[in-house]
Each structure stands twice: as structure tokens, then as C-alpha cells.
1. Considering only the stretch 167-222, state which residues are polar (S, T, N, Q) and either without any contact (Cβ under 8 Å) to a residue 60 or more places away in the chain or assigned to a helix (DSSP H, G or I) (or both).
2. Quick one: would you say Ser238 is crowded, with 22+ Cβ neighbours inside 10 Å, hydroxyl-bearing (Ser, Thr, Tyr), part of a helix (DSSP H, G or I) and touching a residue at least 40 places away in the same chain (Cβ under 8 Å)?
3. Regarding Glu403, is this residue touching a strand residue (DSSP E or B) at 6+ places or on another chain (Cβ under 7 Å), surrounded by fewer than 21 Cβ atoms within 10 Å (Cβ to Cβ) and farther than 21 Å from Ala320 by Cα?
4. Suppose we keep only residues that are surrounded by fewer than 18 Cβ atoms within 10 Å (Cβ to Cβ) and among the hydrophobic types (A, V, I, L, M, F, W, C) within the stretch 382-393. Which one would you say is farthest from Ala155 (Cα to Cα)?
5. Given (1) buried (at least 17 other Cβ atoms within 10 Å of the Cβ); (2) over 23 Å from Tyr378 (Cβ atoms); (3) touching an Asp or Glu at 6+ places or on another chain (Cβ under 7 Å); (4) of a type in the set (A, V, I, L, M, F, W, C), identify the lone condition not met by Met252.
6. Those residues that are assigned to a helix (DSSP H, G or I), of a type outside the set (A, V, I, L, M, F, W, C) and in contact (Cβ under 8 Å) with a residue 40 or more places away in the chain, I need them from the stretch 45-82; list them, please.
7. Just give me the residues in the stretch 280-322 being in a strand (DSSP E or B) and within 27 Å of the chain's Cα centre (by Cα), in sequence order.
Amino acid sequence: MKKTGARETALNLLLDVSERHAYSQIVLNDTLPESGLSARDKSLVTALVYGVLQRQLTLDYYIDFFTAGKKLDNWVRLLLELSFYQKLYMDRIPDHAIVNEAVEIAGLRGHRGISGLVNAVLRKFLREGAPPLSKIIPERRRLSVSYSHPEWLLALWIRQWGRAAAVKIAESNNQPPHTYVRVNTLRTSRSELAATLACAGIHTVQGTLSPDSLMVTEGHAASAPAFLKGLCTIQDESSMLVADAVAPEAGMHMLDACAGPGGKTTHLAERMHNEGQIMALDLHAHKTRLIARTAERLGLTNIRTLALDARKASEHFEKASFDRVLLDVPCSGFGVIRRKPEIRWEKNEEGIRHLYDIQNDLLEATAPLVRPGGLFVYSTCTINKAENEWQLTRFLRVHPEFEWDRDFLQRLPGKAKPFLLDDQSAMLQILPFQTDSDGFFIGCLRRK
């Protein structure tokens, strides 16, 4: 039996994302280790899956041009997207390899007519080249097709951030994401971790935003002995700044209200030197189990987990009983489109409006748990103002018992300070193109 090659594996994974609404990151992580593919082919599969999802609207425009808008089965369209992507966005893949592999896959999956269609479309595309996008009108559609984002999403960013920034955000979303590791400071130092990873063939450079971060430039950190031994964990650098906002201290009693999968929770626990207690909540039991496993791997014993909807937190905990409350709310995820490219296609305006109500309910439910003088930190991995600064501004209007934390600026690492929104509040917003890390928002309140 012939082993499934890289391109057919990529097609299968794209079908999972398209038809089962699976996350690309998860299907790649679940499939590649057991695929039997070489390291080179695994890298090719990853590049193809992310690349097609990133450039899907652009690719479909070209495919519709060369098929005269012919209705295609989903797998046939995805196969053509894979082929067009290789020609347009990848180097060193010969034209004959692109055509031959696609025609072979089409022949295995469909009848002779399908393989003939695929062959004809690809040969015409290779012969004539891609049509110019500059002639697309109106401009909103041209931007949408050129940068492969839905029109409504680009329009949202243009309203909130301006046209130039919106274009930069979209361009950034089509670049490969970086992987960061966070050093477990209870077990090693950043320099020692870098040396340990280098011995395993994993090369890193120091992160720019957080003193606890290393950016991986070569290698797979999650399979490294240092990771398995709990010397580090995978976490994007932007979200590491949450620990600076929360300012945990040894012996404190803290609540992480939406804690899964536990990256921020474990960072806080390390900053507390494994002393005190963090109550980590998540709606889903499988996520609380994941938090517990991660804590065990990192040698952390000051985390308790509970599967609970944080909107019911006030029914389970006494008012004013926590020194710190972290609320990392469910959000649209528009800051992590680089990492989860399918987000741009799955979200819609109605769906994100529903999130506003959930975020508001979570704020109202967890705020009473903060003790006087304690900190209430709100964070998201989105760049949508309605989920970020507008939520906190509204919250403060109806909760005079809270105020902006004036010490927030002093706690931030130096390279993070430029991302403060203004001098009056205590909010930080990173847009995806501004750093090598995710788009992220943090707001810090203090209870009077």
C-alpha cells in the first residue's frame, strides 16, 4: 500500500478543517507525529495547510478565473488551491511536480474527468500566469481578495485603526507565526535554557517583550527533552505580559477565571515561587485536566483547578476574597489569525456581537471577588476595540469602586511600554504587525 505523501496529507487536513471545522493547529499536531513523513515533508505539509488557509480567497479568485466559475467539489477546489499556492507562493517546486502530483491525487479520488479537469486548469494557469488583482473593483473587494480577508473584517479594522494599519494587520496575518518558549524560572534561567535547547538542535534568540521568553528560530521545542522535563513551556510572548500586569506575589490568593489551557496560570504560579494559591477555572473539564498536567510537568503545586462557568463564580467564592483576579475572556481571536488562519473565515459580525455579552457577564460576575486594593486584570487575544478598551470603559462607568491601576506602566518591561494606549488609562494593545508575536490586549484595574 502506497504511503500517503505530503500533498495528499495536506489535502486531507484541509478537508478536516473545511468540513469538520477542526482547528488547523490541532489537526497538524494530531496527524504529523504519526504520519511517517520525513521532517522535510512534515514542514511542507505545515506550510501548505497554513498557506492555503491564509491565501484562500486569493487562490479562489484565480481558480474561478481559470474555471470560468465552474462549480467544483470541495476536495477538487482544495486540491487546486494547494497547486496554485505552490506555484504562487513557494520556491523550488517544479511546475511538472505540481501538475503530476495533483493529477495523480485527482485520479485516485475521482474519475478520469476530474483528473482531466485538474490537468487542464493547471496547465492553462502555468501557461498564462495569474491575472492582475489591481483591476478588481470596488476597492473593498480588491483589498479583500488581495489580502485574503473577508470584506466585513477589513472594514472593521479600517474603522477602528485606519486603512494603513488595517492593511498591515492583514499582511501580517499572512506571514508564518513564530513559536516562543517561556522559561520555568523555578528550574532554570533563560540563558541556561537557551544552551540546553541548543544542545538538542533547537536554536533560539531572546524575546523582546518579556524577560522570560525565547523565540524559536529552528527546531521543534515541544518535543525537546527540556520541554518534557518541565524547564519550559510553549506560550506566545505577548501573553506573557499578563504576568507583569497581574503582579503576583508569593503567598497571594488568586483567581484565574478562564484559565484553559493554562499558559498564563502556570506563569503566575512560577512568579509566585510556588507559594500561595491560584484557583484556576475553566468551563471545560478537559481544559482543567490539561492545566493540571501542565502544572505537574512544570513542578507547580500551588494551582487548584475547577471546571466551572466563571459567570457563576460569585456563587462559589466569597466576595472580596482574592488578591488578584485574572479574566482572560473568550474573544474573537483576531490577534492570533497568523496562528489560526481559519478564524478569518469562521467568524462573523453576529457571532462576535454575541461575545460582547459574554464578556460583559464575566466582568460583572468576577469583579465582586476582588478585595479592596486588589487588582482586576482583563485580557484578550483580539484587536477589536469593542471587546477591549470599550468593554473596560463601559465597566468603569458603572463600577465606581474600580479605577485604572496607575502602577501598571512601571511594572511593564521596557520594550512593552510603547504599546500603552494612552497616559490616562492602564491599557496595552499590541497589533500583529508591531511585533513578532500575537496581537493582544491587557487592561488593569484596581479596586478602591
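The values are calculated or read from the model by the stated rules, or taken from the named source; none is laboratory data. Worth saying up front: this structure is predicted, and the values here are computed from it rather than measured. All Cβ positions, glycine included, derive from the backbone under ideal geometry; neighbour counts span all protein chains shown.
1. Ser172, Asn173, Thr179, Thr188, Ser189, Ser191, Thr196, Thr204, Gln206, Ser213, Thr217
2. In short, yes.
3. It is false that Glu403 is touching a strand residue (DSSP E or B) at 6+ places or on another chain (Cβ under 7 Å), surrounded by fewer than 21 Cβ atoms within 10 Å (Cβ to Cβ) and farther than 21 Å from Ala320 by Cα.
4. Result: Trp390.
5. It is condition (2) that Met252 fails.
6. The answer is Tyr50, Gln54, Gln56, Thr58, Tyr61, Tyr62, Thr67, Asn74, Glu81.
7. Correct list: Ala280, Leu281, Asp282, Ile303, Arg304, Thr305, Leu306, Ala307.
This table checks each residue for (1) farther than 30 Å from Ser144 by Cβ; (2) surrounded by fewer than 22 Cβ atoms within 10 Å (Cβ to Cβ); (3) modelled with pLDDT of 95 or more.
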position	(1), (2), (3)
Glu346	no, yes, no
Thr366	yes, no, yes
Thr380	no, no, yes
Phe395	yes, yes, yes
Val398	yes, yes, yes
Gln410	yes, yes, yes
Lys415	yes, yes, yes
Ser425	yes, yes, yes
